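For reference, the structure discussed in these notes is given below.
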Amino acid sequence: MKTDQNEVPALSQRKQDIPPLVASFVKQFAQRLGKPEPAIAPDAFQKLLDYSWPGNVRELQNAMEYAVVLARENLIGVKELPAEAQLPPALQQTERIPLPRAGVQSLDDMERNAILQALAQCHGNKKKAAELLGIQRPTLYNKLKRYAIQL
């Protein structure tokens, strides 16, 4: 990758920056959610290092936010990472290839993301998240089960 003096190299070119960024983001989101800071399983941490991070720091930040929300038993495992980061490096796309539905999310993806954002904003409080989403608490519990979201 060619860079000029004002351009920051891609995160994939700065693997040494990933550990301190991960630690910072995990701490930040755990505090925001009022949760204890989860540890990261060694295999999950290796996946973070192996991933190409085409979205750079912002993608890593978003991944860590969702991982903290999804962390169970105070541990972030591979299952809490984004699906692409779970793939072996050879199968990861280093550049995003436009798909036929480029820019369009499925309704399920939109709903799952809305639930995760509501839970994050409400610090994991399911009653408040359900109110924020405009749904009943039993409906939220059904959707958590449907999307395999475990807090």
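What pairs come up if the first residue lies in segment 10-27 and is in contact (Cβ under 8 Å) with a residue 60 or more places away in the chain, the second is among the aliphatic types (A, V, I, L, M) and not in a helix (DSSP H, G or I), and their beta carbons are under 9 Å apart, counting only those six or more places apart or on different chains? These pairs meet every condition: Ser12/Met1.
Quick check: is even one residue across segment 90-108 modelled with pLDDT of 80 or more and open to solvent by less than 100 Å² (accessible area, probe 1.4 Å)? Spell out the reasoning first.
Filtering segment 90-108 down to residues modelled with pLDDT of 80 or more leaves 106-108.
Checking which are open to solvent by less than 100 Å² (accessible area, probe 1.4 Å) leaves us with 106, 108.
Yes, the conditions are met somewhere in segment 90-108.
Considering the conditions (1) assigned to a helix (DSSP H, G or I); (2) modelled with pLDDT of 90 or more; (3) out of contact with any Cys (no Cβ under 8 Å at 6 or more places or on another chain), Ala129 is excluded by exactly one of them, (3). Taking (1) touching a residue at least 12 places away in the same chain (Cβ under 8 Å); (2) over 30 Å from Lys145 (Cα atoms); (3) among the polar types (S, T, N, Q) in turn, Gln61 satisfies each apart from (2).
Consider segment 109-126 and keep the residues that are of a type in the set (A, V, I, L, M, F, W, C) and part of a helix (DSSP H, G or I). The one that is modelled with the highest pLDDT is Ile115.
Of everything in segment 8-67, what is of a type outside the set (Gly, Ala, Ser), out of contact with any His (no Cβ under 9 Å at 6 or more places or on another chain) and part of a loop (DSSP other than H, G, I, E, B)? Give them in sequence order. Before you say what the answer is, go through the steps one by one.
Step one: filter segment 8-67 for residues of a type outside the set (Gly, Ala, Ser), giving 8-9, 11, 13-22, 25-29, 31-33, 35-38, 40, 42-43, 45-51, 53-54, 56-62, 64-66.
Filter once more, keeping what is out of contact with any His (no Cβ under 9 Å at 6 or more places or on another chain): 8-9, 11, 13-22, 25-29, 31, 36-38, 40, 42-43, 45-51, 53-54, 56-62, 64-66.
Passing the criteria: Val8, Pro9, Arg14, Pro36, Glu37, Pro38, Tyr51, Trp53, Pro54.
The values are calculated or read from the model by the stated rules, or taken from the named source; none is laboratory data. Bear in mind the structure is a predicted one, so any value in this text is a computation, not a measurement. Virtual Cβ from ideal backbone geometry, glycine too; neighbours counted across all protein chains shown. In case anyone asks, the SASA skips ligands and DNA or RNA and just uses the protein heavy atoms, side chains included. Shrake-Rupley method; radii C 1.70, N 1.55, O 1.52, S 1.80 Å.
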